[in-house]
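Structure record follows, encoded as structure tokens.
The values are calculated or read from the model by the stated rules, or taken from the named source; none is laboratory data. Here the structure is a predicted model, which means the values were calculated and not measured. Using ideal geometry, Cβ is built from the backbone for each residue, glycine included, and neighbour counts are taken over all protein chains shown.
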Amino acid sequence: MRQAIGEMLAMAVAMAVSPIPIIAVVLLLVGPNGKRKGVAYVIGSVTSTAIVGGILIVVGAGAASKGGGGPSTGVSAFKLVLGVVLLALAAKQWRGRPLGDDDPVMPAWMGRLDGFGTAKALAAGVVLNVFNPKNLLFIVAGAAAVAGAGAPGNQEAAAWALFCAIAAIGVTTPVVIVYATGDNSTELLDRLKSWLVRYSGVIMAVVLLLIGAKLLGDGIAGL
């Protein structure tokens, strides 16, 4: 189980530093009723991670319990394929980064976040988490690591709770900053948003490269 937790934590950290969900929660926080909407967004994000990953772990653990050497080979093959996908995404992110003094292009949906209410903020937390292809891949890989360990259910639940807590650090930190500093947080959040928008492509390219290379290596070693 220790090895599985080590693999899982790498995916959780990758989710924690994923820029797009952090930018979204910052935009919600600086708008009207920002604190309430920020909390709703975090609840949607964390809950969706817990549910989707929990389902994947139950399904994966059920498959692993059927015994035989197949599951181990299947998990290794899955890691290899996932590693290749992440490396391809890393290359795409790197090619799409702003060059020189070019202004980064913000997605159109970001401009609509100011008009979101609490319910839409919660839904945004779900959508930008489990319907974000990169985050979903990290959730799938993390859940596969936990399910593949073949540990008792209570240990799997504890491991996945740890994953959810670490993965949520990125979107939770801006909310904590707002509650801790109040109006003084506005300038800090604006600077954070601008920095993340400019360098989000580079950040994700590096994260995807590292995680993809690790999964690729693990998959090749296990086959």
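What the table below lists for this structure:
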| quantity | calculated |
| --- | --- |
| Selected residue [over 22 Å from Gly153 (Cα atoms) and at pLDDT 90 or above] from Leu113, Leu87 | Leu87 |
| Filter result (crowded, with 24+ Cβ neighbours inside 10 Å and modelled with pLDDT of 90 or more) within region 43-66 | Ser45, Thr49, Gly53 |
| Residue list for region 121-143, restricted to those being under 26 Å from Leu80 (Cα atoms) and out of contact with any helix residue (DSSP H, G or I) (no Cβ under 6 Å at 6 or more places or on another chain) | Phe131, Asn132, Pro133, Lys134, Leu137, Val140 |
| Output for region 165-181, where each listed residue is out of contact with any Gly (no Cβ under 7 Å at 6 or more places or on another chain), assigned to a helix (DSSP H, G or I) and hydrophobic (A, V, I, L, M, F, W, C) | Ala165, Ile166, Ala167, Ile169, Val171, Val176, Ile177, Ala180 |
| Among (1) closer than 24 Å to Ser194 by Cα; (2) surrounded by 14 or more Cβ atoms within 10 Å (Cβ to Cβ) - the single one Arg95 does not satisfy | (2) |
| Residues within region 178-209 that are among the hydroxyl-bearing types (Ser, Thr, Tyr), closer than 17 Å to Ile20 by Cα and surrounded by 14 or more Cβ atoms within 10 Å (Cβ to Cβ), tallied | 2 |
| Which numbered condition Leu188 misses (of (1) free of Cβ contacts under 8 Å to residues at least 12 places away in the same chain; (2) closer than 30 Å to Val81 by Cα; (3) in contact with a Ser or Thr (Cβ under 9 Å, 6 or more places away or on another chain)) | (2) |
| Residues of region 32-46 classified as over 16 Å from Thr181 (Cα atoms) and either out of contact with any Gly (no Cβ under 9 Å at 6 or more places or on another chain) or outside any helix (DSSP H, G or I) (or both), total | 1 |
| Boolean, Lys214 is under 25 Å from Leu82 (Cα atoms) and among the charged types (D, E, K, R) | yes |
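Rundown of residues vs (1) of a type in the set (Gly, Ala, Ser); (2) within 27 Å of Leu27 (Cβ to Cβ), yes/no style:
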| site | (1), (2) |
| --- | --- |
| Ala141 | yes, no |
| Ala145 | yes, no |
| Ala161 | yes, no |
| Ala165 | yes, yes |
| Thr172 | no, yes |
| Tyr179 | no, yes |
| Gly182 | yes, yes |
| Ser185 | yes, yes |
| Leu189 | no, yes |
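A quick yes/no check of all residues on (1) without any contact (Cβ under 8 Å) to a residue 12 or more places away in the chain; (2) in a helix (DSSP H, G or I); (3) closer than 24 Å to Gln93 by Cβ:
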{"site": "Arg112", "(1), (2), (3)": "yes, yes, yes"}
{"site": "Gly142", "(1), (2), (3)": "no, yes, yes"}
{"site": "Gln155", "(1), (2), (3)": "no, yes, no"}
{"site": "Ala158", "(1), (2), (3)": "yes, yes, no"}
